[in-house]
Amino acid sequence: MKKIAMMNPIVEIDGDEMARVMWHWVKEKLIEPYVDLKVEYYDLHIKVRDETNDEITIRAAEAIKRVGVAVKCATITPNAERVKEYNLKKEWRSPNATIREILDGTLFRAPIIVSNIKPAVRFWTKPIVVARHAFGDIYSGIGIRFDEPGEAYLVYRSVGGREYTVKIGSFSSPGVIQAYYNLDKSIYSFARAVFKYALIFNLDVWFAAKETISKVYDARFKEVFQEVYEKEFREEFSRRGLKYEYYLIDDAYSRAMRSEGGFVWAAKNYDGDVLSDMIASAYSGSLAMMTSELLSPEGYYMAEAAHGTVQRHYYKYLKGEKTSTNPTAIIFAWAKGLRRRGELDKNSDLIKFAEALEKAVIKTIEVDRIMTQDIAKVSDPPVNMVATTEEFIEAVRKNLEHILQHQEF
Ligand code: NAD
């Protein structure tokens with residue numbers, strides 16, 4: 001079969017540890033034999049970020065703005081232990097936070113549903129898509145640790161010379177303070193991205209926050225969502241029989257447990273971070289069965305896996321042991337990035353290839369019942385084979401070959 005041509009490149013952002021190892025296996029075995037791959041490559045390995053004083057991360061984000069489409073591997077966000085482990089100059093910021101901030105996008109995380117893995121919540125028959133706001137919140141927060149009694153104030157000085165001051169509190173013992181922010185512009189884009197996504201996939205929208213307690217910050221989010229919905233989306237939602245609901249976040253959690261799924265759950269940045277891991281593990285028991293897509297208001301797009309670098313498996317791999325790490329989300333990230341490139345370039349062959357790749361993974365799990373350890377233990381009916389990562393990729397490759405041979409290109 002002739003390799004599928006690409007007219008324009010995608011940005012490939014490489015990462016760390018086991019995710020990096022799988023990233024290259026997937027690329028070599030499942031993409032490069034079939035696609036004449038055009039990429040702009042950025043290596044965000046922790047040592048490269050350290051050597052470039054994290055400039056590489058900014059360059060990668062700028063490249064996404066130029067090229068429009070990116071795929072990203074999981075990267076280490078260093079803490080004190082990692083600084084020691086990799087002998088780093090400092091605790092560099094989360095590359096994801098840097099990229100999301102530059103792109104001002106919304107993150108959509110959806111479970112990859114397969115029929116032989118039943119969700120932990122038995123009522124869930126449809127996916128719950130988590131729309132995580134990808135800007136601000138604690139990720140751009142700043143903190144102070146104090147060790148003497150004192151007072152704290154929050155001061156805002158406008159360029160026009162106005163000053164707002166609020167007292168945070170008077171403290172008689174040591175403690176910590178944190179401040180973070182968001183911007184109206186970003187909240188409006190977030191709300192629009194969520195309603196647009198819901199219309200594309202015909203889903204209801206929930207937005208959940210805690211405006212009864214967070215009377216300024218969360219209240220602003222609630223207000224913006226309501227305004228955008230009323231002015232721009234209510235008519236189309238009513239026409240399609242779709243609903244928008246605002247819930248207090250605790251109420252949303254308990255309602256979700258009794259729902260059948262099938263909606264987009266919009267959440268602020270931190271809430272979305274926590275919620276998406278919970279949803280991933282409740283649907284399939286594994287973070288590796290969740291897709292993650294970033295859409296910016298300008299249409300920039302980045303696909304990644306929702307999971308991290310799978311550190312513990314990497315240490316086993318370094319010892320020469322075989323691991324059964326699940327590459328599903330990484331394969332889906334490549335498929336989604338290529339599909340988006342195909343859509344933008346009107347390259348139907350590339351779109352069909354991306355669909356074939358996703359189908360090949362689903363067939364491997366559902367029909368062949370070949371799975372990695374993480375999902376094998378919850379499979380019903382039981383697995384035929386618990387595969388190592390390489391065996392799983394090989395099984396997907398066989399299915400992919402078969403699907404491609406029976407598709408017209
Ligand atoms: P992790 O997602 O790597 O692992 C969390 C748990 O899920 C572990 O028990 C792991 O074994 C399991 N798991 C995750 N992916 C799996 C897969 N594909 N197959 C089988 N099991 C899988 O998160 P962590 O342990 O909290 O963090 C490890 C590193 O990853 C940290 O340095 C962190 O900064 C980084 N991280 C990066 C991203 C990203 O770049 N998107 C996201 C989260 C964490």
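The values are calculated or read from the model by the stated rules, or taken from the named source; none is laboratory data. This structure is a prediction, so every number in the text was calculated from the model and none was measured. Quick reminder, even Gly has a Cβ in these numbers, built from the backbone with ideal geometry, and neighbours come from all protein chains shown.
Given the structure, is Ser254 surrounded by 15 or more Cβ atoms within 10 Å (Cβ to Cβ), under 24 Å from the mean Cα position of the chain (by Cα) and among the polar types (S, T, N, Q)? So Ser254 fails the test.
Can you spot a residue in the stretch 76-87 that is touching a strand residue (DSSP E or B) at 6+ places or on another chain (Cβ under 7 Å) and either among the polar types (S, T, N, Q) or away from the ligand (no atom under 16 Å from the Cβ) (or both)? Full working, then the answer.
Restricting attention to the stretch 76-87, the residues satisfying the condition of being touching a strand residue (DSSP E or B) at 6+ places or on another chain (Cβ under 7 Å) are none.
No, the stretch 76-87 has no match at all.
Can you spot a residue in the stretch 327-335 that is near the ligand (Cβ under 10 Å from one of its atoms) and either among the polar types (S, T, N, Q) or without any contact (Cβ under 8 Å) to a residue 24 or more places away in the chain (or both)? For the stretch 327-335, residues near the ligand (Cβ under 10 Å from one of its atoms) and either among the polar types (S, T, N, Q) or without any contact (Cβ under 8 Å) to a residue 24 or more places away in the chain (or both): present. Being surrounded by fewer than 24 Cβ atoms within 10 Å (Cβ to Cβ), touching a residue at least 60 places away in the same chain (Cβ under 8 Å) and within 19 Å of the chain's Cα centre (by Cα) is not true of Thr323.
A count restricted to the stretch 114-152 and to residues that are surrounded by 18 or more Cβ atoms within 10 Å (Cβ to Cβ) and within 23 Å of Ile362 (Cα to Cα) stands at 8. Scan the stretch 228-242 and tell me whether some residue there is touching a helix residue (DSSP H, G or I) at 6+ places or on another chain (Cβ under 6 Å), in a helix (DSSP H, G or I) and not charged (D, E, K, R). Taking every residue of the stretch 228-242 in turn, at least one turns out to be touching a helix residue (DSSP H, G or I) at 6+ places or on another chain (Cβ under 6 Å), in a helix (DSSP H, G or I) and not charged (D, E, K, R). Quick check on my filter: what residues within the stretch 274-293 are buried (at least 20 other Cβ atoms within 10 Å of the Cβ) and either closer than 23 Å to Ser214 by Cα or of a type in the set (S, T, N, Q) (or both)? The answer is Leu275, Ser276, Ser284, Ser286, Thr291, Ser292. Among the candidates Glu355, Glu304, the residue that is more than 12 Å from the ligand (Cβ to nearest atom), of a type in the set (Asp, Glu) and modelled with pLDDT of 95 or more is uniquely Glu355. Of the residues examined, Gly272 is one that is among the small types (Gly, Ala, Ser) and over 22 Å from Ala360 (Cβ atoms).
Quick grid of which residues meet (1) of a type in the set (Val, Ile, Thr); (2) free of Cβ contacts under 8 Å to residues at least 24 places away in the same chain; (3) in contact with a Ser or Thr (Cβ under 8 Å, 6 or more places away or on another chain):
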| position | (1), (2), (3) |
| --- | --- |
| Val176 | yes, no, no |
| Ser189 | no, no, yes |
| Ala193 | no, no, yes |
| Ser214 | no, yes, no |
| Asp218 | no, no, no |
| Ser238 | no, yes, no |
| Ala252 | no, no, no |
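Residue-by-condition table, conditions (1) in a helix (DSSP H, G or I); (2) away from the ligand (no atom under 16 Å from the Cβ); (3) surrounded by 20 or more Cβ atoms within 10 Å (Cβ to Cβ); (4) among the small types (Gly, Ala, Ser):
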| residue | (1), (2), (3), (4) |
| --- | --- |
| Lys359 | yes, yes, no, no |
| Ile362 | yes, yes, no, no |
| Asp368 | no, yes, no, no |
| Val396 | yes, no, yes, no |
| His402 | yes, yes, no, no |
| Gln407 | no, yes, no, no |
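Checking the stretch 67-74 against the condition returns no match, with no residue being more than 16 Å from the ligand (Cβ to nearest atom) and surrounded by fewer than 16 Cβ atoms within 10 Å (Cβ to Cβ).
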